[in-house]
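Peer 1: Have a look at this one.
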Amino acid sequence: MSTAAAPATVRARVPVPLSLAGGATALGQVVTFDGLVDGREHLAVELGDPGREPPLVRVHSECLTGDVLGSERCDCGPQLAESLARISSAGGVLLYLRQEGRGIGLYAKLDAYLLQDTGLDTFDANVALGFGADERDYTVAAQMLAALGRTSVRLLTNNPDKAGQLARLGIDVVACVPTGVHRRDANVRYLEAKVRRAAHTIEVAG
Ligand SMILES: Nc1nc2c(ncn2[C@@H]2O[C@H](COP(=O)(O)OP(=O)(O)OP(=O)(O)O)[C@@H](O)[C@H]2O)c(=O)[nH]1
Ligand SMILES: [Zn+2]
């Protein structure tokens, strides 16, 4: 049984205005929360004005190597930049979830990279380390959206499990909006594994 629909115990704090580079400046503010189920510092970034439409929402899982260092081993950095730009223009929210390494943490993800270099794909490398193939749980995302009064969303994702979990947690996902495909030589195997193992809705070839 999910704890997602618990807006009575999860509260959005006073938004903090933030000017973002890259044109994502309109009505930008970051929101923090009290009472999230895992007690971690997840962040919401509200951008633009969705008007009467369900907002465009990106639930982005932390990737220090991709988001901050610009690693080309995955597509997280370009997906984050794309999401901020699109949400800024369409109006919506980016949730930055502290779920590094699909929930296994940064050090374990880096251990997994070494295993992948011996031939395992990203999912099997997690399992070889004793973790689940993907340990992410989106309860906090549902809690954050409920606390923001945004329970009907257009979800910017290629991951059907993310949309399915949010729907089961009480979020009305009116549409899944795919991201672009940020293919590079260094991330082809990573993208192919997402399609093969987790049914991501992207075309990797080309
Ligand atoms: N365990 C593990 N995690 C990884 C690896 N590469 C990236 N990640 C993490 O994967 C998460 C991003 O997940 P993805 O599978 O790229 O994309 P997604 O969030 O499922 O789907 P989209 O919404 O379409 O972006 C981030 O937390 C990254 O840190 C890896 O090789 N192993
Ligand atoms: Zn990444």
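The values are calculated or read from the model by the stated rules, or taken from the named source; none is laboratory data. Being a predicted model, the structure only gives us computed values, none of them experimental. Ideal geometry is used to build each Cβ from the backbone, glycine not excepted, and the neighbour counts take in all protein chains shown.
Peer 1: Which members of the range 114-145 meet the condition of being among the hydroxyl-bearing types (Ser, Thr, Tyr) and surrounded by 16 or more Cβ atoms within 10 Å (Cβ to Cβ)?
Peer 2: Thr122, Tyr138, Thr139
Peer 1: When only residues in the range 176-197 that are over 15 Å from the mean Cα position of the chain (by Cα) and of a type in the set (Val, Ile, Thr) count, which is surrounded by the fewest Cβ atoms within 10 Å (Cβ to Cβ)?
Peer 2: Looking at the filtered set, the residue picked out is Val188.
Per-residue answers, yes or no, for (1) small (Gly, Ala, Ser); (2) surrounded by fewer than 18 Cβ atoms within 10 Å (Cβ to Cβ); (3) under 23 Å from Ala147 (Cα atoms):
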| site | (1), (2), (3) |
| --- | --- |
| Pro17 | no, yes, yes |
| Val30 | no, yes, yes |
| Gly35 | yes, yes, yes |
| Glu41 | no, yes, yes |
| Asp49 | no, yes, yes |
| Asp67 | no, no, no |
| Ser71 | yes, yes, no |
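Peer 1: I'd like to verify a number: residues in the range 122-159 that are aliphatic (A, V, I, L, M) and assigned to a helix (DSSP H, G or I), how many?
Peer 2: Here the count works out to 10.
Peer 1: Test of understanding: among Val93, Val68, which residue is more than 9 Å from ligand 1 (Cβ to nearest atom) and in contact (Cβ under 8 Å) with a residue 24 or more places away in the chain?
Peer 2: Val93
Rundown of residues vs (1) basic (Lys, Arg); (2) under 24 Å from Glu72 (Cα atoms); (3) within 16 Å of ligand 2 (Cβ to nearest atom), yes/no style:
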site: Gly105; (1), (2), (3): no, yes, yes
site: Asp121; (1), (2), (3): no, yes, yes
site: Leu129; (1), (2), (3): no, yes, no
site: Gly149; (1), (2), (3): no, no, no
site: Leu166; (1), (2), (3): no, no, no
site: Gly180; (1), (2), (3): no, yes, yes
site: Arg196; (1), (2), (3): yes, yes, no
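Peer 1: Being in a loop (DSSP other than H, G, I, E, B), farther than 30 Å from Glu192 by Cα and modelled with pLDDT of 95 or more is the requirement here; does Glu41 meet it? Don't jump to the end; show me each part of the working.
Peer 2: On the way: in a loop (DSSP other than H, G, I, E, B): yes; farther than 30 Å from Glu192 by Cα: yes; modelled with pLDDT of 95 or more: yes.
Yes; evaluated as a whole, the condition is true for this residue.
Peer 1: May I ask you to list the residues in the range 63-95 that are polar (S, T, N, Q) and in contact with a Ser or Thr (Cβ under 9 Å, 6 or more places away or on another chain)? Before you say what the answer is, go through the steps one by one.
Peer 2: Of all residues in the range 63-95, those polar (S, T, N, Q) come to 65, 71, 79, 83, 88-89.
Within the range 63-95, Thr65, Ser71, Gln79, Ser83, Ser88 meet the criteria.
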